[in-house]
Amino acid sequence: ALVGRSVKVFWRLDDAWYDARVAAFNPDTCMHNVCYDDGEVEYLLLPCETLKVESTDGGCPLACASAAEVTAYVGAIDDRIARLRRNEIEDDNGFGSTAYVIK
């Protein structure tokens, strides 16, 4: 699972990467609790963020996701695509973001 993993989250407005740890996952909201090294805490929909995930096995970062996380991701992304197509929301937070593996 991604919970407990070290990540780097890209903040587009700051044009900077911030170190954090994924503390928890809520399957009801599809959100992860992300605790930054500076003490800041956010609840994020990680598939909609640009992030680097520390990988201990050298594989794809989502390979470490639990079945509940993957199911929630797919549902959340499908919902976001539908909302974008209906012009209910704008693509203002990096939809289609990329996850990178840190070796």
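Do you know which residues across segment 1-31 are polar (S, T, N, Q) and assigned to a loop (DSSP other than H, G, I, E, B)?
Scanning segment 1-31 gives a single hit, THR29.
One residue is enough: does segment 73-96 have a residue meeting the conditions modelled with pLDDT of 75 or more, assigned to a loop (DSSP other than H, G, I, E, B) and of a type outside the set (A, V, I, L, M, F, W, C)?
Within segment 73-96, one or more residues are modelled with pLDDT of 75 or more, assigned to a loop (DSSP other than H, G, I, E, B) and of a type outside the set (A, V, I, L, M, F, W, C).
If you take the residues in segment 1-46 that are free of Cβ contacts under 8 Å to residues at least 12 places away in the same chain and under 16 Å from ALA72 (Cβ atoms), which one is most open to solvent (accessible area, probe 1.4 Å)?
ASP28
Does GLU54 qualify as being surrounded by 13 or more Cβ atoms within 10 Å (Cβ to Cβ), of a type in the set (D, E, K, R) and at pLDDT 90 or above?
Against the criterion (surrounded by 13 or more Cβ atoms within 10 Å (Cβ to Cβ), of a type in the set (D, E, K, R) and at pLDDT 90 or above), GLU54 does not qualify.
Mind listing whichever residues of segment 34-53 are outside any loop (DSSP other than H, G, I, E, B) and over 14 Å from SER6 (Cβ atoms)?
Of everything in segment 34-53, those that are outside any loop (DSSP other than H, G, I, E, B) and over 14 Å from SER6 (Cβ atoms) turn out to be VAL41, GLU42, TYR43, LEU44, PRO47, CYS48.
The values are calculated or read from the model by the stated rules, or taken from the named source; none is laboratory data. Nothing here was measured: the structure is a model prediction, and the numbers come from that model. Cβ atoms come from the backbone with ideal geometry, glycine included; neighbour counts cover every protein chain shown. Calculation scope for accessible area: heavy atoms of the full protein, side chains included, ligands and nucleic acids excluded. Shrake-Rupley method; radii C 1.70, N 1.55, O 1.52, S 1.80 Å.
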